[in-house]
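Report on one structure; see the data block that follows.
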Amino acid sequence: DDRNADLRALIRTIPDFPKPGVQFRDITTLLLDSVGFAAAIARMAAGTQGPVDLVAGIEARGFIFAAALAAPLGAGVLLIRKDGKLPGTTIAEDYALEYGTDRIAMHADALVPGQRVLLVDDLIATGGTARAAVRLLRKAGAMVTQAQFLVDLPDLGGADALRADGLAVDSLVA
Ligand code: 5GP
């Protein structure tokens, strides 16, 4: 199934970035393409089920997709950032990296408990980032039932792990 072959063709692979052995999927080439970017947003919006109150975007490329999806979905944008970047009172969540840990944060008052939140990022790999975002949003009282990604790297298992956390997971390019 390659319904999104047009979008796949706009994403390039950069070898050995950010370190040797990593095949980095570079989506900046899709962003540069007016038709491709609009199509990606339209298809992500079409794949979203039911009403959404907030689109939560993960720093930094997730912001681009979350912001573009907000208007068609009639939702606001909630920023999930690296710890230390948000000015107000925050809540945070740690997640494991290959070496060490990282921490993401959101404003503690960004949502009203019970609000329906769609999680968005450019790419899911191991799922470590997205799963931490779900824990964070749920800690704040959000109803997080779906996630949208431009790219899934299914061999790394992140989307399946997110499904095990109870989310419907969609991606345009796998
Ligand atoms: P994970 O936590 O699922 O292992 O990694 C996903 C996060 O790292 C996302 O926020 C994503 O933006 C970033 N990321 C990891 N690998 C890539 C890649 O190959 N291309 C892009 N564009 N982002 C990546």
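The values are calculated or read from the model by the stated rules, or taken from the named source; none is laboratory data. Model, not experiment: these values are computed from the prediction. When we count neighbours, we look across all protein chains shown, and the Cβ atoms used for this are built from the backbone with ideal geometry, even at glycine. All accessible areas refer to the heavy atoms of the entire protein, side chains included, with ligands and DNA or RNA removed. Shrake-Rupley method; radii C 1.70, N 1.55, O 1.52, S 1.80 Å.
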>> With the requirement that a residue be within 12 Å of the ligand (Cβ to nearest atom) and β-branched (Val, Ile, Thr), what does the range 135-152 give you?
In response: VAL151
>> Could you tell me how many of the residues in the range 104-130 are part of a helix (DSSP H, G or I) and farther than 22 Å from GLY50 by Cβ?
In response: 2
>> Looking only at the range 5-14, count every residue that is without any contact (Cβ under 8 Å) to a residue 60 or more places away in the chain and under 18 Å from ILE124 (Cα atoms) and tell me the total.
In response: 4
>> Residues that are of a type in the set (Phe, Trp, Tyr) and either closer than 25 Å to ALA68 by Cβ or within 11 Å of the ligand (Cβ to nearest atom) (or both): does the range 94-112 have at least one?
In response: yes
> When THR28 is evaluated against the numbered criteria (1) within 11 Å of the ligand (Cβ to nearest atom); (2) open to solvent by less than 60 Å² (accessible area, probe 1.4 Å), which criterion, by number, is the only one it fails?
Replying inline: (2)
> Do we find that ALA130 is closer than 26 Å to GLY88 by Cα, near the ligand (Cβ under 9 Å from one of its atoms) and open to solvent by less than 30 Å² (accessible area, probe 1.4 Å) in this structure?
Replying inline: yes
> For residues in the range 38-70 being free of Cβ contacts under 8 Å to residues at least 60 places away in the same chain, open to solvent by 50 Å² or more (accessible area, probe 1.4 Å) and within 22 Å of ALA5 (Cα to Cα), which is farthest from the ligand (Cβ to nearest atom)?
Replying inline: ALA46
> Out of LEU172, LEU119, LEU150, LEU111, which single residue is more than 14 Å from the chain's Cα centre (by Cα) and either in contact (Cβ under 8 Å) with a residue 12 or more places away in the chain or open to solvent by 10 Å² or more (accessible area, probe 1.4 Å) (or both)?
Replying inline: LEU111
